[in-house]
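Trainee: Have a look at the structure that comes next, please.
The values are calculated or read from the model by the stated rules, or taken from the named source; none is laboratory data. Only a predicted model underlies this, so the values are computations on that prediction, with no experimental measurement involved. Reconstructed Cβ throughout: ideal geometry from the backbone, glycine too, with neighbour counts over all protein chains shown. The accessibility values were calculated without ligands, DNA or RNA, using every heavy atom of the protein model including side chains. Shrake-Rupley method; radii C 1.70, N 1.55, O 1.52, S 1.80 Å.
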Amino acid sequence: MNHRTIAATCLVALLLAGAAAVSVALASDQAVAGDASGKLPTDGEVRHAMSEIHALVANATPAIRQGAFGPAEFRRLSDAINDRLEQASAHNRLPSDMREQLAGVLSPLATAARSLKTDGERAFPAVVAALESYDRAVDHSPGRP
């Protein structure tokens, strides 16, 4: 190898290392700012609304599993979940960047809940999965904002 080849190889390696460092920095900035756990903080309004949604889903689960939940019940469940999501969105006191992150976390739940109106029992597992995903992404500690 001549000196130019070695220099070019070193330059490429440095550029790639720099790009990787920038990529890692950007990814960490896109995670939840100021949160060592990587979880999104919430406020009382979000915690209250999500607690109600968990209760709605938990209360509906036995009847859904038994096949005793009809189209009207699925429509009511869908409306109730989306009402609580709208409450959480409209009344939370999170900074705007965290509101955007929260909206991204709640979007799959809203989509799954809307699909309950048309797909009923087939859509219910998506609601449960979206709630589980939400629980993994959000910190509900009362001391958090």
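Trainee: Would you mention how many residues in the stretch 88-99 are surrounded by 14 or more Cβ atoms within 10 Å (Cβ to Cβ) and part of a helix (DSSP H, G or I)? Outline the logic, then answer.
Mentor: Looking only at the stretch 88-99, we keep the residues that are surrounded by 14 or more Cβ atoms within 10 Å (Cβ to Cβ), and these are 88-89, 92, 94, 98-99.
Next cut, part of a helix (DSSP H, G or I) only: 88-89, 98-99.
Of the residues in that region, 4 qualify.
Trainee: Yes or no: the stretch 31-45 includes at least one residue that is assigned to a helix (DSSP H, G or I), at pLDDT below 95 and open to solvent by less than 70 Å² (accessible area, probe 1.4 Å).
Mentor: yes
Trainee: I'd like to check something: does the stretch 50-68 contain any residue that is out of contact with any helix residue (DSSP H, G or I) (no Cβ under 6 Å at 6 or more places or on another chain), touching a residue at least 24 places away in the same chain (Cβ under 8 Å), exposed (fewer than 12 other Cβ atoms within 10 Å of the Cβ) and of a type in the set (Gly, Ala, Ser)?
Mentor: yes
Trainee: Residues to consider are LEU102, LEU85, LEU77, LEU109; find the one that is at pLDDT below 95, within 16 Å of ILE53 (Cβ to Cβ) and surrounded by 20 or more Cβ atoms within 10 Å (Cβ to Cβ).
Mentor: LEU102
Trainee: Any idea which of LEU131, LEU56 is in a helix (DSSP H, G or I), among the aliphatic types (A, V, I, L, M), under 17 Å from GLU45 (Cα atoms) and in contact with a Lys or Arg (Cβ under 9 Å, 6 or more places away or on another chain)?
Mentor: When all the criteria are applied, what remains is LEU56.
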